[in-house]
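Participant: Could you have a look at this structure, given as structure tokens, before my questions?
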Amino acid sequence: MSNEEATESAADDSVVIRLENIVKKYYIGSENELEVLHGVSLEIREGEMTSIVGESGSGKSTLMNIIGLLDKPTSGNYSLLGTNVETMRDHARSKIRGRRIGFVFQNYNLIPRMSALDNVEVPMMYAHVPPAQRRDRAEHLLEMVGMADRMTHRPDELSGGQKQRVAIARAMANDPALILCDEPTGALDRETSEEVIQIFHNLHEQGKTLLVITHSEHVAEETSRILTLMDGRITGERSGAYAG
């Protein structure tokens with residue numbers, strides 16, 4: 001990226017994520033020092049549905065943790081919604097993560113003892129949303145993902161696809177700027193995966209920004225833009241089959 005392009009991009013409010021030369025190392029200073037990400041740069045704009053596809057060991061999980069503010073880069077710059085976040089204190093990072101990023105994980109990460117409705121309410125509790133308001137929104141979100149008749153069920157009473165629907169509703173709880181999906185169909189069969197992907201398409205069509213981290217080319221093709229990660233580097237970019 002040239003200096004002129006960088007200046008123009010920096011002033012562009014439509015950029016949700018900007019990574020510039022992100023490096024991540026482990027065991028720094030030891031004989032076992034390991035560099036997992038080797039200068040990753042990318043931009044995700046508002047309203048895009050993008051995937052990052054790569055095999056196991058390519059650095060996908062490390063990159064997702066950095067984008068999701070679950071880890072910090074060793075060097076490089078990370079701007080989320082125009083704010084540099086790589087040097088933020090942990091409390092500030094936690095606050096922006098809870099309000100601005102919705103997570104959808106492969107293993108759902110639902111709280112076993114809570115109903116679907118209560119699980120969706122959890123992020124709003126941490127955001128200090130009043131009880132009546134968060135209950136109404138949780139019900140609306142579960143209806144939106146086709147779980148209106150399963151609101152009182154606990155996770156052990158739900159199928160994998162139903163759990164992921166609840167997880168998607170929970171990711172939407174605080175109306176995040178970014179929905180970050182980590183192998184969201186990895187534990188599902190093909191038919192159920194396609195149902196979950198359709199929910200992502202519906203969210204995208206409502207204007208949501210989605211970033212899908214996956215090893216599956218099939219899932220990646222269901223996005224508009226595909227970035228290939230190999231050995232800790234972005235090695236390619238192409239259009240997916242989803243026109244959006």
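Participant: Provide a single number: the residues in the stretch 165-192 that are closer than 29 Å to residue 13 by Cα and touching a residue at least 12 places away in the same chain (Cβ under 8 Å).
Facilitator: Residues in the stretch 165-192 being closer than 29 Å to residue 13 by Cα and touching a residue at least 12 places away in the same chain (Cβ under 8 Å): 17 in total.
Participant: Among the candidates 156, 136, which residue alone is assigned to a helix (DSSP H, G or I), touching a residue at least 12 places away in the same chain (Cβ under 8 Å) and surrounded by fewer than 16 Cβ atoms within 10 Å (Cβ to Cβ)?
Facilitator: After applying the criteria, what remains is 156.
Participant: It is to be established whether one or more residues within the stretch 75-95 are more than 23 Å from residue 26 (Cβ to Cβ) and touching a Cys at 6+ places or on another chain (Cβ under 8 Å).
Facilitator: For the stretch 75-95, residues more than 23 Å from residue 26 (Cβ to Cβ) and touching a Cys at 6+ places or on another chain (Cβ under 8 Å): absent.
Participant: Being under 30 Å from residue 25 (Cβ atoms) and part of a loop (DSSP other than H, G, I, E, B) is the filter here; which residues of the stretch 205-244 pass it?
Facilitator: Correct list: 209, 215, 216, 223, 231, 232.
Participant: Which residues, counting only those in the stretch 65-89, are of a type in the set (A, V, I, L, M, F, W, C) and open to solvent by less than 10 Å² (accessible area, probe 1.4 Å)?
Facilitator: Hits for the stretch 65-89 are 66, 67, 69, 80, 85.
Participant: In addition: Quick one: would you say residue 224 is more than 15 Å from residue 107 (Cα to Cα) and in contact with a Phe, Trp or Tyr (Cβ under 8 Å, 6 or more places away or on another chain)?
Facilitator: yes
Participant: For the stretch 194-217, what are the residues that are open to solvent by 60 Å² or more (accessible area, probe 1.4 Å) and either of a type outside the set (S, T, N, Q) or within 16 Å of residue 43 (Cβ to Cβ) (or both)?
Facilitator: 194, 195, 205, 215, 217
Participant: Then there's this: State the number of residues belonging to the stretch 175-204 that are outside any helix (DSSP H, G or I), farther than 13 Å from residue 219 by Cβ and in contact with a strand residue (DSSP E or B) (Cβ under 7 Å, 6 or more places away or on another chain).
Facilitator: Within the stretch 175-204, residues that are outside any helix (DSSP H, G or I), farther than 13 Å from residue 219 by Cβ and in contact with a strand residue (DSSP E or B) (Cβ under 7 Å, 6 or more places away or on another chain) number 5.
Participant: Is there a residue in the stretch 146-164 that is in contact with a helix residue (DSSP H, G or I) (Cβ under 8 Å, 6 or more places away or on another chain), within 27 Å of residue 70 (Cα to Cα) and among the hydrophobic types (A, V, I, L, M, F, W, C)?
Facilitator: Looking through the stretch 146-164, none of the residues is in contact with a helix residue (DSSP H, G or I) (Cβ under 8 Å, 6 or more places away or on another chain), within 27 Å of residue 70 (Cα to Cα) and among the hydrophobic types (A, V, I, L, M, F, W, C).
The values are calculated or read from the model by the stated rules, or taken from the named source; none is laboratory data. Worth saying up front: this structure is predicted, and the values here are computed from it rather than measured. Glycine gets a Cβ as well: all are built from the backbone with ideal geometry, and neighbour counts include every protein chain shown. When the accessible area is computed, the model is the full protein with side chains, heavy atoms only, and any ligands, DNA or RNA have been set aside. Shrake-Rupley method; radii C 1.70, N 1.55, O 1.52, S 1.80 Å.
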